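*Asks:* Let me begin by handing over the structure; questions about it come next.
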């Protein structure tokens, strides 16, 4: 287990903060299915010494966590927003049964679709299921609200929904943890009427649930979770989540009520706030959830224009809402799209599918990039596991020549998540032309960061586990024509086997097996895994308020944007900068979006620091420094820079002989360091914390090369 000082300030992402809170609060088991932006919660929980597991899908994960809670122990279950769709069945009924032990469900929503197929707003789930919901606005609240959610669950014996969003999950802000606590030993008490949800038991359970929600609503009226900022009474803003941070920066003079418990709402508390101001306005990201709830309660508030329902909110968009500016927003400049990696085993598969002019029903995974040029070889993709069912539907209705072109393509992790039932449908109701399913087995869950799954033979923590044999599983369902091949080693053979399968009336499963080249480099044993290194600030050096900063801390907000292409070390450079800033004693917030953009596509991170920082996102045209790692990304990001701001590009390294070809990101930080009031010792320590030992010396040398003033 990693040693964590319970009183030191730490720079944590929202996901790291949830993991640390779960560890400190005595969570017995964390379980989930990897999905951006939630994935890192369980990975950090495991690195901190907690017990964590990847389940085959979110429904199973929720049921395992529910069993933990039925044993009176504390459980955490994590998933992205669409994962809650998969877990919805037990989620709804668990609100009826209740839980004797605390159970927190993390739903990581993705406004703006950074790595998702929709923008669904899971606040609706809390109301529909009757589950209390908390929404943190930054990493400190992610830590505090995780512990509050566990306490709330323990007090009212209900699951609690912790609704996160991408910018909270993946933004780093300062956190002050609290001392850890222990929980009683798990045990089981029989309660058949309370746990067996037959109609006779469920009817009174529903009444108990509504009574508990009424009690929680009354508690919320006086709870410490809301934040009230008294300002100009001409405008009062009701908000929640990360939008609160944007509002504070965009409307510093307004009165603001930031809600923490967003279901059930403290309606009377909100009513008093709105009545205390001249004009009440709800500013929220996504659906008009709060607005509808308040208007239904007879509270007179206005809402944002419909155009701001789409995508993320930020400081710029909040300013537009406040100024009633509903004019068309400028279209964002397109960046470089992601692509399948060079050497990716999926490339040969999509080349064959394209060559044979197949109609491809695709699925969720990094292989979805096969829909983009140069392959353009995926015709539909909807949700996890849908490829097999969609392909079967097409086979049933298309004329025979066209039906024979239909192929379902699914990854190994996605197949085990929800593709197996599609295969059962295939053998139960086979099309007259048969069907062809290609399982892309790259031995990892690649899209979300190379996690393990039941077919890899390793647990979340990298320990050996039973390895599910995909071919044996498929054959056990009665499918005789099962072929395992390496599409990269023998692309011609794969194409031949695919061509042969398309003309048969049989059911065929081709398992295209070759490990992901990125996963092969990542595979490590449990003992070799490195615990996360969180930046901490000594209390004597850290600024404790806007008026108590060290002399070398800038007295204004400084915005740095670091941009480039996936694989260039943009995230690493931003981590180093943010850690150096913390060590220098500043308040800091770092925002990033990572997902499919890392497959060689455009990537950018914002690092904002100074006496006090609110929004983690730098408004367009307000970056003081723009550091670009790829020349082709300069024009794409130039609009981020303020007039007179400094642009730092690879040209700044011209003439330098770098010690390692991949140290250019750190060398450019050296160039940036010439213009920032951060001590060299803080930079060196930040680099040390973020680099593997074997790469430390070369990156320190690269930093020094960049930091040296060549004109001096």
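The values are calculated or read from the model by the stated rules, or taken from the named source; none is laboratory data. The shown structure was predicted, so the numbers you read here are calculated from the model rather than taken from an experiment. For neighbour counting, all protein chains shown are included, and Cβ atoms are generated from backbone atoms with ideal geometry for every residue, glycine included.
*Asks:* When residue 375 is evaluated against the numbered criteria (1) without any contact (Cβ under 8 Å) to a residue 60 or more places away in the chain; (2) over 31 Å from the mean Cα position of the chain (by Cα); (3) crowded, with 19+ Cβ neighbours inside 10 Å, which criterion, by number, is the only one it fails?
*Replies:* Unmet for residue 375, out of (1) without any contact (Cβ under 8 Å) to a residue 60 or more places away in the chain; (2) over 31 Å from the mean Cα position of the chain (by Cα); (3) crowded, with 19+ Cβ neighbours inside 10 Å: (2).
*Asks:* May I ask you to say which residue of 211, 186 is more than 30 Å from residue 582 (Cβ to Cβ) and either within 26 Å of the chain's Cα centre (by Cα) or loosely packed, with under 13 Cβ neighbours inside 10 Å (or both)? First the steps, then the outcome.
*Replies:* On the way: 186 fails: either within 26 Å of the chain's Cα centre (by Cα) or loosely packed, with under 13 Cβ neighbours inside 10 Å (or both).
Being more than 30 Å from residue 582 (Cβ to Cβ) and either within 26 Å of the chain's Cα centre (by Cα) or loosely packed, with under 13 Cβ neighbours inside 10 Å (or both) holds for just one of 211, 186, which is 211.
*Asks:* Could you please give the count of residues in segment 444-468 that are within 19 Å of residue 345 (Cα to Cα) and without any contact (Cβ under 8 Å) to a residue 60 or more places away in the chain? Explain how you work it out, then say what you get.
*Replies:* Within segment 444-468, the subset within 19 Å of residue 345 (Cα to Cα) is 444-453, 455-456.
Adding the requirement that they be without any contact (Cβ under 8 Å) to a residue 60 or more places away in the chain leaves 455-456.
Matching residues across segment 444-468 total 2.
*Asks:* List the number of the failed condition for residue 242; all other conditions in (1) touching a helix residue (DSSP H, G or I) at 6+ places or on another chain (Cβ under 8 Å); (2) farther than 20 Å from residue 557 by Cβ hold.
*Replies:* (2)
*Asks:* Pick out, from segment 133-209, the helices (runs of 4 or more DSSP H) lying fully within it that include 3 or more residues that are under 29 Å from residue 15 (Cα atoms). First the steps, then the outcome.
*Replies:* Numbers: elements: 139-156, 166-169, 192-195.
So the answer is 139-156, 166-169.
*Asks:* Right, residue 632: out of contact with any helix residue (DSSP H, G or I) (no Cβ under 7 Å at 6 or more places or on another chain), touching a residue at least 24 places away in the same chain (Cβ under 8 Å) and surrounded by fewer than 23 Cβ atoms within 10 Å (Cβ to Cβ) or not? Outline the logic, then answer.
*Replies:* On the way: out of contact with any helix residue (DSSP H, G or I) (no Cβ under 7 Å at 6 or more places or on another chain): yes; touching a residue at least 24 places away in the same chain (Cβ under 8 Å): yes; surrounded by fewer than 23 Cβ atoms within 10 Å (Cβ to Cβ): yes.
Answer is yes for this residue.
*Asks:* If you go through segment 607-622 one residue at a time, do you hit one that is free of Cβ contacts under 8 Å to residues at least 60 places away in the same chain, surrounded by 15 or more Cβ atoms within 10 Å (Cβ to Cβ) and more than 20 Å from residue 315 (Cα to Cα)?
*Replies:* no
*Asks:* Could we say that residue 382 is part of a helix (DSSP H, G or I) and in the same structural domain as residue 510 (by TED's automatic domain parsing) here?
*Replies:* So residue 382 fails the test.
*Asks:* Let me ask something else about it. Scan segment 618-631 for residues that are under 24 Å from residue 337 (Cβ atoms) and in contact with a strand residue (DSSP E or B) (Cβ under 8 Å, 6 or more places away or on another chain) and report the count. Walk me through how you get there before you give the answer.
*Replies:* Here is the first cut: in segment 618-631, the residues under 24 Å from residue 337 (Cβ atoms) are 618, 620, 623, 626-631.
This time we only want the ones that are in contact with a strand residue (DSSP E or B) (Cβ under 8 Å, 6 or more places away or on another chain), so: 618, 623, 626-630.
Result for segment 618-631: 7.
*Asks:* Which numbered condition trips up residue 353, out of (1) outside any loop (DSSP other than H, G, I, E, B); (2) more than 30 Å from residue 498 (Cα to Cα)?
*Replies:* Only one criterion in (1) outside any loop (DSSP other than H, G, I, E, B); (2) more than 30 Å from residue 498 (Cα to Cα) is unmet by residue 353, namely (2).
*Asks:* Answer with yes or no whether residue 581 is modelled with pLDDT of 90 or more and part of a strand (DSSP E or B).
*Replies:* Details: modelled with pLDDT of 90 or more: yes; part of a strand (DSSP E or B): no.
Answer is no for this residue.
*Asks:* Moving on. Condition (residue is farther than 19 Å from residue 416 by Cβ, surrounded by 22 or more Cβ atoms within 10 Å (Cβ to Cβ) and more than 18 Å from the chain's Cα centre (by Cα)) applied to segment 31-41: is it met by at least one residue?
*Replies:* Step one: list which residues in segment 31-41 are farther than 19 Å from residue 416 by Cβ, which gives 37, 40-41.
From what is left, the residues that are surrounded by 22 or more Cβ atoms within 10 Å (Cβ to Cβ) are 37, 40-41.
This time we only want the ones that are more than 18 Å from the chain's Cα centre (by Cα), so: none.
Checking segment 31-41: not a single residue is farther than 19 Å from residue 416 by Cβ, surrounded by 22 or more Cβ atoms within 10 Å (Cβ to Cβ) and more than 18 Å from the chain's Cα centre (by Cα).
*Asks:* Against the conditions (1) outside any helix (DSSP H, G or I); (2) surrounded by 13 or more Cβ atoms within 10 Å (Cβ to Cβ); (3) not assigned by TED's automatic domain parsing to the domain that holds residue 279, where does residue 237 fall short? Just the number, please.
*Replies:* (3)
*Asks:* How many residues are in a loop (DSSP other than H, G, I, E, B) and touching a strand residue (DSSP E or B) at 6+ places or on another chain (Cβ under 9 Å) when one looks only at segment 442-469?
*Replies:* Matching residues across segment 442-469 total 17.
*Asks:* Restrict the check to segment 473-495 and report whether at least one residue is under 30 Å from residue 29 (Cα atoms), touching a residue at least 12 places away in the same chain (Cβ under 8 Å) and within 35 Å of the chain's Cα centre (by Cα). Quick ask: steps written out before the conclusion?
*Replies:* Here is the first cut: in segment 473-495, the residues under 30 Å from residue 29 (Cα atoms) are 473.
Imposing the further condition that a residue be touching a residue at least 12 places away in the same chain (Cβ under 8 Å) reduces the set to 473.
From the residues that got through so far, the ones that are within 35 Å of the chain's Cα centre (by Cα) too are 473.
Taking every residue of segment 473-495 in turn, at least one turns out to be under 30 Å from residue 29 (Cα atoms), touching a residue at least 12 places away in the same chain (Cβ under 8 Å) and within 35 Å of the chain's Cα centre (by Cα).
*Asks:* While we're looking at this one, here's another question. Residues of segment 86-103 being free of Cβ contacts under 8 Å to residues at least 60 places away in the same chain and surrounded by fewer than 24 Cβ atoms within 10 Å (Cβ to Cβ), which ones?
*Replies:* Passing the criteria: 88, 89, 90, 92.
*Asks:* Surrounded by 16 or more Cβ atoms within 10 Å (Cβ to Cβ), free of Cβ contacts under 8 Å to residues at least 12 places away in the same chain and within 22 Å of residue 419 (Cα to Cα): does that describe residue 361? Show your work before the answer.
*Replies:* On the way: surrounded by 16 or more Cβ atoms within 10 Å (Cβ to Cβ): yes; free of Cβ contacts under 8 Å to residues at least 12 places away in the same chain: no; within 22 Å of residue 419 (Cα to Cα): yes.
When the stated conditions are applied, residue 361 does not pass them.
*Asks:* Which of the residues belonging to segment 304-324 are over 19 Å from residue 120 (Cα atoms) and either surrounded by 15 or more Cβ atoms within 10 Å (Cβ to Cβ) or touching a helix residue (DSSP H, G or I) at 6+ places or on another chain (Cβ under 6 Å) (or both)? If you could, list the steps in order and put the result at the bottom.
*Replies:* In the first step, residues of segment 304-324 are kept if they are over 19 Å from residue 120 (Cα atoms); the result is 315-324.
Answer for segment 304-324, where residues must be over 19 Å from residue 120 (Cα atoms) and either surrounded by 15 or more Cβ atoms within 10 Å (Cβ to Cβ) or touching a helix residue (DSSP H, G or I) at 6+ places or on another chain (Cβ under 6 Å) (or both): 315, 316, 317, 318, 319, 320, 321, 322.
*Asks:* Going through 440, 392, 398 one at a time, which residue ends up being buried (at least 21 other Cβ atoms within 10 Å of the Cβ), more than 26 Å from residue 113 (Cα to Cα) and outside the structural domain of residue 37 (by TED's automatic domain parsing)? Before the answer, list the steps.
*Replies:* On the way: 440 fails: more than 26 Å from residue 113 (Cα to Cα); 398 fails: buried (at least 21 other Cβ atoms within 10 Å of the Cβ).
So the residue among 440, 392, 398 that is buried (at least 21 other Cβ atoms within 10 Å of the Cβ), more than 26 Å from residue 113 (Cα to Cα) and outside the structural domain of residue 37 (by TED's automatic domain parsing) is 392.
*Asks:* Could you check, for segment 406-426, whether at least one of its residues is at pLDDT below 95, part of a helix (DSSP H, G or I) and buried (at least 24 other Cβ atoms within 10 Å of the Cβ)?
*Replies:* From segment 406-426, those at pLDDT below 95 are none; that's our starting set.
Within segment 406-426 (the criterion being at pLDDT below 95, part of a helix (DSSP H, G or I) and buried (at least 24 other Cβ atoms within 10 Å of the Cβ)), the answer is no, since none of the residues qualifies.
*Asks:* Looking at segment 659-678, can you tell me whether even one residue there is within 30 Å of residue 239 (Cα to Cα) and either assigned by TED's automatic domain parsing to the domain that holds residue 695 or in contact with a strand residue (DSSP E or B) (Cβ under 9 Å, 6 or more places away or on another chain) (or both)?
*Replies:* Initially, segment 659-678 is screened for residues within 30 Å of residue 239 (Cα to Cα), giving none.
The answer is no; no qualifying residue exists.
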